[in-house]
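Below is one structure, written out as C-alpha cells; comments come after it.
Since every read-out is calculated from the coordinates, none of them should be taken as a lab result. Keep in mind that this is a model prediction, so the values were computed, not measured. Using ideal geometry, Cβ is built from the backbone for each residue, glycine included, and neighbour counts are taken over all protein chains shown.
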Amino acid sequence: MNKESRLKATINQRLTELGERERLKELLRAKLTECGWKDQMKAHCKEVIREKGLEHVTVEDLVVEITPKGRALVPDSVKKELLQRIRAFLAQHAA
Amino acid sequence: MKMEDMPLSGPDNTKLEALVNDIYSELVEDACLGLCFEVHRAVKQGYFFLDETDQESMKEFEIVDQPGVDIFGQVYNQWKNKECECPNCKRLIAASRFAPHLEKCLGMGRNSSRIANRRLASNNNMSKSESDQEDNDDLNDNDWSYGAEKRAKKRKSDKSQTSPRRSKTLKHKNGELGSGISADPYKYNYNAGINYEMLGPDEVQSFLTTQCGVISEHTKKMCTRSQRCPQHTDEQRMAVRVFLLGPSAPVLPEADSVAVPESFDIPDGQALMSRLQWEDSPEISPSDSASSKASTNHSDSRRPKKKKPRPSLGLNSGGGIGSLSGGGGGGSSQISERPLPPPPPQRLCIPNIRKLKNTVTPTREMVAGAVKNCL
C-alpha cells in the first residue's frame, strides 16, 4: 500500500510539474462544453435553485446536487479520450 | 513501462488502471466544482437568470429544429427557383443569376465592359454627324475607315490638348511630304501613296480608272484606294480627273455635276488657303451656322476644341475642297457663299470596333476636315 500511495503521489507530482494536469483540465472543460454537458448541468442548476429559492442557495447545496449528476452525465467519448491520455502520460513518465 | 507490457503484469495493471481512473475522477470533479462556483456566483450577483424573459418571447425565439429550415425557422433556398423580370431587357432571369445579369445589362458593374458600350453608343450617334467630314485627303494611305479614325483621333486629341508633342507632330507632318512617319505609332503610313507628278498621262489615266486617285492636299499623293473609297467623294474624284486629264475626263460611275473648276484650284491654292485660315479664325458658335446642315453644325460645335493648333497649320488647298457640304459653316460672312450645290449625302461605313480601339489619330486631320466643312 505504501508503494502504491507513493507511486500515486509521484505520479500526481509529475502531472502537476510537467503541466499535464492543467492541460488535461482544460481539455476536459472544452470537451464538456462542446458536447453540451455544461448547458445540461446549468439547466439542472436552475431547477435546484428554483427549488431552494434564489436567495438561499449555497455552494454546498449546489455541489451536493450537481456533482453526482455531473459525473454520470459525462459522455463516454470524452471519458475514453481522457483515460487514454492519462494512460499515455503514465506510460511515458512512470517508472 | 510500456503500454504493450501492461496486459502482462496483472496486478500492476489493475493498480495502474485504478490510478488512471482516480486521476480521471479528480479531473471530472474539478470541472463540476468549477461549474458550481460559476453558477453560485451568477446567482448571487443576479445575472444567472438574465437570459430568460417572459414565456411569450421565449416561445417566439425558440430554436427551430425542422428539416429544411434553419434554427430561426427561415427557409434557405426559397428564392433560388424564382425568376425576376429584368427592368432593362424585360427578360425573365433566374434569381441567383439576376445580379450578374443586371451588371452586364445596365453596363454598370466592374466587368460589364461599359467603356466599349459607351463608345458604341457614341459612335452610333456621331456616325451621322461625321459623314460630311470624310473629305480629308490626308488619309490616303491608311487602312481604316476614316470615320473611325476621326472619332478616335478626336478622343485622343481631346486628351492631349496641351502635350508638347502635338505641335511637334503637326510641324512634322507639314514639313515632310511622303516620308513614312513610322516612328510615331499614331501617324499614318504615307509611303503607299503615289505622286501624280511622277506618272505619265497614260499611267495616270489607267490609274484613275481603277483607283480613287483623289489628291491629298498635304502630300500631293493620290489615294490608292478603290473608286468607292469612303474617304473621298465622287466630286473629288471627278475633280482630280478633270485636273489631271483635262475637261474630257472619263466619267466616274457616279459622277456629280458639281462645278468642277471651283472645286479644285491648285493655282489658287495660296489664296484659298489664306481664305481657309482666315475664315477659320473667328470663334464659331453653333448658332451661327443656321444655314448649314446639321452635320456641319456638329463639326462646328466641336471646333472650338481644336482651335489651338489651327493657326500653325500650313494648309494646302488640295482636292476636294469644293465637295464639302455646302453652305457657310458658321460665323464668317466675309467670304461669299460658294455657289456649290450640296453634295450628295454620304454615309460612312460603321467602323469596326476592333479597329476603333487601335486608332489614335492626329488632330490635324480633323482640323482640316472641319475647316473644309465651313466652306
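Taking the inverse of the mean 1/r over every pair of distinct Cα atoms in chain A gives a Kirkwood hydrodynamic radius of 15.6 Å. Taking amide hydrogens as placed 1.01 Å from N in the peptide plane, the amide H of B:Asn195 sits under 5 Å from those of B:Met222, each at least 5 positions away in sequence or on another chain. Largest first and in whole Å, the equivalent-ellipsoid semi-axes of region B:13-62 read 40, 15, 4, each the square root of five times a Cα gyration tensor eigenvalue.
Partner shielding of B:15-27 amounts to 6, given as the average count of beta-carbon atoms from other chains within 10 Å of each residue beta-carbon.
Modelled this way, with points 7 Å down the Cα-to-C-beta line, the labels at B:Ala116 and B:Asp30 are 6.8 nm from one another.
Counting neighbouring Cβ atoms within 10 Å and putting the fewest first, the residues B:Tyr47, B:Tyr196 line up as B:Tyr47, B:Tyr196.
Cα centroids of region A:25-42 and region B:14-38: how far apart, whole angstrom? Using only Cα atoms, the two centres lie 14 Å from each other. Mean partner shielding of peptide A:50-62, defined as the number of other chain Cβ atoms within 10 Å of each residue Cβ, is 3.
Applying 1/(1 + (r/R0)^6) with R0 = 30 Å to the Cβ-Cβ distance of B:Gln55 and A:Val59 gives a FRET efficiency near 0.50.
For the segment B:45-58, counting C-beta atoms of other chains within 10 Å of every residue's C-beta and taking the mean gives 1. Quick check on my link table: of A:Lys38/B:Lys44; A:Lys31/A:Lys52; A:Lys80/B:Lys15, which ones sit more than 27 Å apart, alpha carbon to alpha carbon? Flagged as over cut-off: A:Lys31/A:Lys52. For A:Ala30 and B:Ile63, a Förster radius of 25 Å and the Cβ-Cβ distance give a FRET efficiency of 0.65, rounded to the nearest 0.05. Which residues' amide hydrogens lie under 5 Å from the amide hydrogen of B:Arg225, considering only partners 5 or more residues apart or on another chain, with H built in the peptide plane? Under 5 Å from the amide H of B:Arg225: B:Cys212, B:Gly213. Each Lys or Arg adds one and each Asp or Glu takes one away; over the other residues whose Cβ falls under 12 Å from the Cβ of B:Glu26, this sums to +1. The phi-based Karplus calculation (6.51 cos²θ - 1.76 cosθ + 1.60; θ = phi - 60°) puts the 3J(HN,Hα) values of region B:95-108 at 4, 6, 9, 5, 5, x, 5, 4, 4, 6, 5, 8, x, 10 Hz, whole numbers, x for Gly and Pro. Peptides A:61-67, B:98-104, ordered by how many other C-beta atoms sit within 10 Å of their residues on average, highest first, read A:61-67, B:98-104.
Selection among A:Gly19, A:Leu90, A:Leu32 by position relative to the dipole of region A:1-91 gives A:Leu90 as farthest towards the positive end (Cβ unit charges, Cα centre). Whole-Hz Karplus values for region A:9-16 come out as 4, 4, 5, 4, 4, 4, 4, 5 Hz, taken residue by residue from phi with 6.51 cos²θ - 1.76 cosθ + 1.60 and θ = phi - 60°; glycine and proline positions read x.
Note on B:Lys15/A:Glu47: beta-carbon distance plugged into 1/(1 + (r/R0)^6) with R0 of 30 Å gives a FRET efficiency of 0.15.
Spin-label point model (7 Å from Cα, Cβ direction): what's the B:Ala42 to B:Met108 distance in nm? Label at B:Ala42, label at B:Met108, 4.9 nm between them.
Label reach from A:Ser77 (point 7 Å along Cα→C-beta): in region B:25-66, amide nitrogens under 20 Å belong to B:28. Inter-label distance, B:Ala94 to B:Asn77: 1.1 nm, where each label sits 7 Å from its Cα along the C-beta direction.
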